[in-house]
1. Taking only Cα atoms and a 10 Å spring cutoff, compute GNM fluctuations for chain A and point out the largest among A:Ala27, A:Ala220, A:Ala51.
2. With r as the distance between the Cβ atoms of B:Trp204 and A:Trp159 and R0 = 51 Å, compute the FRET efficiency 1/(1 + (r/R0)^6) and round to 0.05.
3. Binned at 5 Å from 0, what are the whole-percent values of the Cα-Cα distance distribution for the stretch B:193-339, short to long?
4. Once amide H atoms are placed 1.01 Å from N in the peptide plane, what residues at a sequence separation of 5 or more from A:Thr297, or on another chain, have their amide H within under 5 Å of its amide H?
5. Angle check, please: helix B:2-12 long axis (alpha carbons) against the longest principal axis of chain B (alpha carbons), in degrees 0 to 90, nearest 10.
6. Among B:Trp287, B:Trp106, B:Trp204, which comes first, then next, by fewest other beta-carbon atoms within 10 Å?
7. Taking a ≥ b ≥ c as the square roots of the Cα gyration tensor eigenvalues, with a/c under 1.5 meaning rounded and otherwise prolate when a/b beats b/c, else oblate, which class fits chain A?
8. Name the most mobile residue of B:Ile327, B:Ile272, B:Ile167, meaning the one with the largest mean-square fluctuation, in a Gaussian network model of chain B with Cα contacts below 10 Å.
Amino acid sequence: MNRAETLTLSSKKSASGAGWRVRSTSAFRSKKDETRYWVLLILFYGVGILAALGLLLYNNPVPVDSPSFIPVVQRRMEAVVAMFVAALCHSFATVAFQTVTGNRIITPSLLGYEALYSAIHTGTIYFFGVTALVNFTGTGAFLFKVALMIVLSLVLYGWLLAGKYGNLHLMLLVGIIIGAGLNSVSGFMRRMLAPSEFDLLQARLIGSVNNAETEYFPVAIPIVLVTVALLLLHSRQLNVISLGRDVATAFGVKYRGGIIYSLILIALLMSISTSLIGPLTFFGFLVAQLSYQAASTFDHRYIFPMAFGIGFCILTSAYFLLYHVFDAHTVVSVLIELFGGLAFLIVLLRKRSL
Amino acid sequence: MPKNLAAEVGMNAQPQLSAHKNKKIWTVPFILAILVVIILGVISLFTGVYDIWGQEDGWEMFFITRIPRTVALMLTGAAMAMTGLIMQIMSQNKMVEPTTIGTTEWAGLGLLAVYLLIPGPTLVMRMTGAILFSFVGTMIFFMFLRRVRLRSSLIVPIMGMMLGAVISALSTFVALFFNMSQVVENWFIGSFAPVQVGRYEYLWIIVVVTVLIFLYANRLTLAGLGEDIATTLGVNYQRLIFLANTLVAIVVGVVAAVIGNIPFLGLIVPNIISMVRGDDLRSNLPWVCVLGMGIITLCDIVARTIIMPYEVPVSLILGTLGAVVFILLLLRQRRSGRLR
């Protein structure tokens, strides 16, 4: 009897895999998880690149040997680059944001960047007129918008996170409310615009991968790449921060400083993404959830690349399928948002504690 | 059965009831508040571009648009403020109201669904759709609240607003797909401008709901203590949750169909009242109604005068003002350390 028990116990132990018993500092629990991670990673990057190539080359109206082949590809290249930037921004920002807030079902779009973005544009046309809005383009204006959004986040973080009563949830809630209030203000200003002005504004506010403001790419892409690199370098601290304030402090990580540093990087990514291709609320959420499933590790050095791969794969293959297979051009981003929203609902209703 | 229930509640709430006796409703400040609201109502009656004194049919116009508009304002203000209070008591969370948990977005989805299924729907049909959907939405949120263990009370509005965003993404998708973005856009901006005789009468349903809420006030207060305590005190918790959600859904649905989206009123009014008077549903209810009426009437007067001879939808004024007040409330609670 006794022997049988020890036998089953030991067999259970060995069945649960070597990773459980052997103490290691590896990011994965077992060899199997690690293999799975790399297979999935290669798969997502592969599908993403294939779909991107498909978007570039498939169904090109002019033959390959024609001189206008390259310009067509270049035009399509812009959309693919926009997808690349969007995937990079949203995947990194959302994963880092969820770690920093210790909550896996919120996204940084909550902080009201979109509302601020549309408020900036509406305010420009409302206070300074149409000519101001038309002239409000170029690198300077782009940097100005990004800077304004970052200033807002800094004010928000510095004011609500620092100090004795610093409270992360309070900051989030205030961010949401500021967003709602700004939406009301810009709705108010939009009401007073002449129809022609309104049309102009509307065209400016609807952003998508296809009419991304490509003239900003030379400025935006280096900033995004540097920010992403900084986040990657920061991932070891993020690993510790994800353990919570007390543990992180005990491990000698500056908790609040680390959080504010990450939030600034997140703000940078989100504001660039918003001013390049417009708002996407649930895309980042979808990507982050899928990447937690695909990468069975808590190490951000591995989660980040996976999240980016999944994001890029989703964007390119969704656009490819809907453009060339289902012939539904207009609804792509809305559809992605819808799937993200549904994923959010499912995750929310299955949660036990928050 | 209900009689039995009421008797038991009455018995158990005896100590509280005796405390009630001291809390008279008709105090001097309350009468003053009512006077202020009446004055606001009179101002609202005489605000407008149409010259009711000079024009020949001025008084006819007065009865066609001015009186309905003021009545609609009063009813909506009281109703939205009350739903906020009920929801806050039932969920034991001060940040809950139709805007912050997505009920309004559900109502919008309901309206859209009716437009899709029935071509040229009547107001009753639209209202039914909005009521049904907001009921489902509120129930889903309460179900979620009961299942989940919360680490912070602030999580609730954050989740609720994300839920609302999901629902409005769904509405956007449906609207884009069937070419009905205009309906959504028009609905989302609540305005009292189209209110006139024949278009607002369904708002009187709110009076019935108000009476019901007053009748059930004590039991709802008990239910607000949580399932265990409420059951111990002899209240059928499940039934009360159902009842409260039905009442909330009716109010939100009717207002959504007749007026549109009225943001934040249900949040700021009960919070201001509870800061001043504490948390007793029954004696707070009249105050909440009166303050709700006052605030929305004031906002509507501002909305009508700010760009005379045109007007701005009241929801934009309320949204801006509400956001500011909400943030101030949050910061005040933070300073007093009550926020956890």
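1. In the Gaussian network model the winner is A:Ala27.
2. The calculated FRET efficiency here is 0.65.
3. 2, 8, 13, 18, 19, 17, 12, 6, 3, 1, 0, 0
4. Long-range HN contacts for A:Thr297: none found.
5. 60 degrees
6. By the 10 Å Cβ count, ascending, the order reads B:Trp204, B:Trp287, B:Trp106.
7. Here chain A falls in the oblate category.
8. Of B:Ile327, B:Ile272, B:Ile167, the most mobile in the Gaussian network model is B:Ile327.
Read-outs throughout are calculated quantities, based only on the coordinates presented, and are distinct from any laboratory measurement. Not measured: the values here are computed from a predicted model. For neighbour counting, all protein chains shown are included, and Cβ atoms are generated from backbone atoms with ideal geometry for every residue, glycine included.
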